[in-house]
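Peer 1: This is the structure, below, for whatever I ask next.
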Amino acid sequence: MSKKLLEPAIEDLHNEHKDWISDMQFHKDEMKFFEDLLSLNLPKIKTDEQKAQLEHLQNKLIYFKGELIDKFLHDAKVHEFNLEKALESDHYDEDDLYKDHLKYRDDFKALHRDILDYKKELFDFIISLK
């Protein structure tokens, strides 16, 4: 298949990837806000159950911030580099490129969904402290 025919499709993948990276960088910044939010609400925590829930939320926060988001950003940047190389090259495996992209799309959707679930859990906890 001609490079010119595939270029718009690869450019779309490239743009989608840039959006994912931007979203994950935003989520990483959000994690600092969540950390501050938990710290601000420490004086309201009275029961052992609340302490356990706080610890659970802090552990998840560390896991998102320190592992999942950073790993996704690293892997996405590597794949982004491969997409850029494909745009510049006449020789690349179209099937592998799209298969990789679909895997990253699934990873992004799952991580994004997990972060949204975490936010709901966090805000429900904060509201329960009032």
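What follows draws every value from the coordinates through simple rules; no lab data is involved. Remember, it's a predicted structure, so these values are computed and weren't measured experimentally. Using ideal geometry, Cβ is built from the backbone for each residue, glycine included, and neighbour counts are taken over all protein chains shown.
Peer 1: If you find the alpha carbon centre of the stretch 2-80 and of the stretch 87-130, how far apart are they in angstrom?
Peer 2: A separation of 9 Å, based on Cα centres.
Peer 1: Taking every pair of distinct Cα atoms and averaging 1/r, then inverting, what Kirkwood hydrodynamic radius in Å comes out for the stretch 72-130? Present the calculation step by step, with values, prior to reporting the outcome.
Peer 2: Numbers: mean 1/r = 0.0725 Å⁻¹.
For the stretch 72-130, the Kirkwood estimate is 13.8 Å.
Peer 1: Still on this model: Which of the pairs K46/K119; K77/K120; K18/K85; K28/K120; K28/K51 have their Cα atoms more than 20 Å apart in this structure?
Peer 2: K46/K119; K77/K120; K28/K51
Peer 1: Quote to one decimal, in nm, the extra length available between V78 and E16 on full extension: 0.36 nm per residue of separation minus the C-alpha distance between them.
Peer 2: Numbers: separation 62, 0.36 × 62 = 22.32 nm, distance 1.43 nm.
Full extension from V78 to E16 adds 20.9 nm.
Peer 1: Can you tell me the Rg and the Dmax, both Å, for the Cα atoms in the chain?
Peer 2: When restricted to the Cα atoms of the chain, Rg and Dmax are 19.5, 66 Å.
Peer 1: Continuing with the same structure: Using 0.36 nm per residue of separation minus the Cα-Cα distance, give me the extension gain between K120 and D96 in nm, one decimal. Display every interim value, and only then the final one.
Peer 2: Numbers: separation 24, 0.36 × 24 = 8.64 nm, distance 3.62 nm.
Residue separation times 0.36 nm, minus the Cα-Cα distance, leaves 5.0 nm.
Peer 1: Further question: Extending each Cα 7 Å along its Cβ direction at L42 and H56, get the distance between those two points in nm, one decimal.
Peer 2: Modelled inter-label distance: 2.1 nm.
Peer 1: Moving to a separate point now. Can you compute the FRET efficiency between K130 and D23 using 1/(1 + (r/R0)^6), with r the Cβ-Cβ distance and R0 = 25 Å? Round to the nearest 0.05. Spell out each step's value before the answer.
Peer 2: On the way: r = 30 Å, r/R0 = 1.21.
With R0 = 25 Å, the Cβ-Cβ based efficiency is 0.25.
Peer 1: Another question, if that's okay. Going highest first, how would you order 77-83, 121-127 by mean Cβ packing within 10 Å? All intermediate terms of the calculation are to be shown ahead of the outcome.
Peer 2: On the way: 77-83: 15.6, 121-127: 13.6.
Highest-to-lowest ranking by the protection proxy: 77-83, 121-127.
Peer 1: Which one of H17, Y118, L87 is farthest out on the positive end of the charge dipole of the chain, using unit charges on Cβ (Lys, Arg +1; Asp, Glu -1) and the Cα centre as origin?
Peer 2: Value: Y118.
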